[in-house]
Amino acid sequence: MAEGKDAAEALVSDLQKRITEAFEVFDHESNKTVDVREIGTIIRSLGCCPTEGELHDMLAEIEEEEPTGYIRFEKFLPMMTKVLLERRYRPIPEDVLLRAFEVLDEKKKGFLTKEELIKYMTEEGEPFTQEEMEEMISASVDPDKEIVPYKEYAAMMKEPIAMWEYRGQVGVQSNIPVNASA
């Protein structure tokens, strides 16, 4: 039993190290705070894919009572550790993402053009904001060919998510105490 507890504590420690590193990238003043607008990027860099609504709920949980526009590390760390341990906001599986692109690729070319992507993002379903569209285009469109080779894109989308199957530690208990000073 002690081995399991040691492994769980090592996992928590490792997760908190990764969370700290991701947070520090955006802590430009080195004062253990980041701009609230950067939190979504930090969370996504840790392999989580919350919806905008879920992100707002997370922010409401960690923002100060009187919002300052900044999030403090000591509030972010325990919340994010819990999110990762509970395996919340997992990304869409590669095969599901690939099938979605294949539905849009009516001619079965294996890619979408930049124009097709923009059309789908602005005219179909819930429209993307200009910022979301620019982010998606910069991440998915091959700048030389102006296409989205969606098989490569779908494979790339799962890359940063090693944490979900983190060293084979699937199903870690989430009732482990989280120490914000780690």
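The values are calculated or read from the model by the stated rules, or taken from the named source; none is laboratory data. All values derive from a computational prediction rather than experimental measurement. All Cβ positions, glycine included, derive from the backbone under ideal geometry; neighbour counts span all protein chains shown. SASA here: full protein model, heavy atoms, side chains in, ligands and nucleic acids out. Shrake-Rupley method; radii C 1.70, N 1.55, O 1.52, S 1.80 Å.
Descriptive notes on the structure:
- Segment 7-65 gives an Rg/Rh value of 0.99, both radii derived from C-alpha positions and Rh following Kirkwood.
- Cα gyration tensor shape of segment 49-105, rounded if a/c is under 1.5, else prolate or oblate by comparing a/b with b/c: prolate
- For the residue pairs 17/145; 119/145; 32/151, the alpha carbons lie more than 27 Å apart in 17/145; 32/151.
- Förster radius 25 Å - calculated FRET efficiency between residue 136 and residue 31 (Cβ-Cβ, nearest 0.05): 0.20
- Whole-percent carbon and sulfur share, accessible surface of segment 26-160, 1.4 Å: 51
- Once Rg and the Kirkwood radius are both taken over the C-alpha atoms of segment 15-132, their ratio Rg/Rh works out to 1.06.
- Cross-link reach list, aspartates and glutamates versus residue 82, counting only Cα pairs under 14 Å and skipping chain neighbours closer than eight places: 9, 14, 61, 74
- Long-range HN-HN contacts of residue 113 with modeled amide H, under 5 Å: 148
- Å² per residue, accessible surface of segment 1-111 at 1.4 Å: 60
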